[in-house]
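Report on the structure given below.
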Amino acid sequence: MALVDLIDPGPAPGQLVIDSSLLLALRRGDDNPRAAVAHRFVGWLGQQVIDRQTAAWLLPSVLQECYHVILSRAIRRAWEALPSATRPANWLVAYKHQPELLATGFADLIDFDAIPAAIPMTPVQPGDLDTSHVSQTLEERLRYFITTYYLLPQDALILAEAERLGVTAVATLDSDWRRVAEFDIYTTPVSPLESDL
């Protein structure tokens, strides 16, 4: 398959999965250095979806990862705000002792939910992940993507879910995805950055 630059994506793919790195960069105030490129790409993609040229899918694993990042950052902020004399050793211990700290991120989740809705993306339901065209189990495909492309499990799961959905195009800001040869990877810049090495 191919690497496609988010800055000049060319013809729209029929279907596309958006990775969490790109979605998280779209949040107000996000410090990702490629946030402007992500916004520009999503503007283009949104028009492709409206024109019925592309279906943009929101996978369960992507939504889970985005929620995890958002909530863990909120808990960290709440933990840092605790008095140093009584603050637990780390944010996770603070959460285990005070699970209500999770509520400090609930408003951030609502703000985030507006992003995929605005693109607009279609949330994937478990029943949408058809297995009739996939000969291996999800666990086997997950292991395959980890060991073939040296991906972390969350990224490998996204690929395995995309494959089950029948999608072969993924948009991401994560440089690790550039190694994946079986999908069209929409990313930027297409050539590796020195900071990514």
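All of the numbers you see were taken from the coordinates with simple rules; none came from a lab. Quantities reported herein were computed from a predicted structural model and do not represent experimental measurements. Backbone-built Cβ (ideal geometry, glycine too); neighbour counts: all protein chains shown.
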In degrees, nearest ten, helix 153-165 long axis to first principal axis of the chain (Cα): 40
222 nm mean residue ellipticity, helices alone, for the chain (DSSP H n ≥ 4; -39,500 (n - 2.57); rounded to 500): -14000 deg cm²/dmol
Stretched out fully, how many nm does the piece from residue 36 to residue 110 gain, at 0.36 nm a residue minus the Cα gap? 24.5 nm
How big is the charge dipole of the range 3-190 about its Cα centre, in debye rounded to the nearest 20, if each Lys and Arg gets +1 on its Cβ and each Asp and Glu gets -1 on its Cβ? 500
With each pseudo-label sitting 7 Å past Cα toward Cβ, what's the residue 90-residue 118 distance in nm, one decimal? 3.4
Among 107, 60, 86 the positive-end extreme of the charge dipole of the chain (Cβ point charges): 86
Assuming 0.36 nm per residue, please report the length gained on full extension of the stretch residue 150 to residue 68 beyond their Cα-Cα distance. 27.3 nm
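The chain: longest stretch without exposed trypsin sites (Lys or Arg not before Pro) (DSSP loop, at most 16 other Cβ within 10 Å), sites themselves excluded?
Result, exposed sites excluded: 53-197.
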Taking Cα atoms, the helix 60-81 axis meets the longest principal axis of the chain at an angle in degrees (rounded to 10) of 20
Quickly work out the residue 7-to-residue 179 label distance, labels modelled 7 Å from Cα along the C-beta direction, and quote it in nm with one decimal. 2.5
Specify, per residue and in Å³, the volume enclosed by the convex hull of the alpha carbon atoms belonging to the chain. 146
Taking the range 1-89, the whole-percent share of alpha-carbon pairs separated by over 23 angstrom is 38
State, as an integer percentage, the relative contact order of the chain based on alpha-carbon contacts under 8 Å between residues 6 or more apart. 35
Taking only Cα atoms, what is the 0 to 90° angle, nearest 10, from helix 106-118's long axis to the longest principal axis of the chain? 10
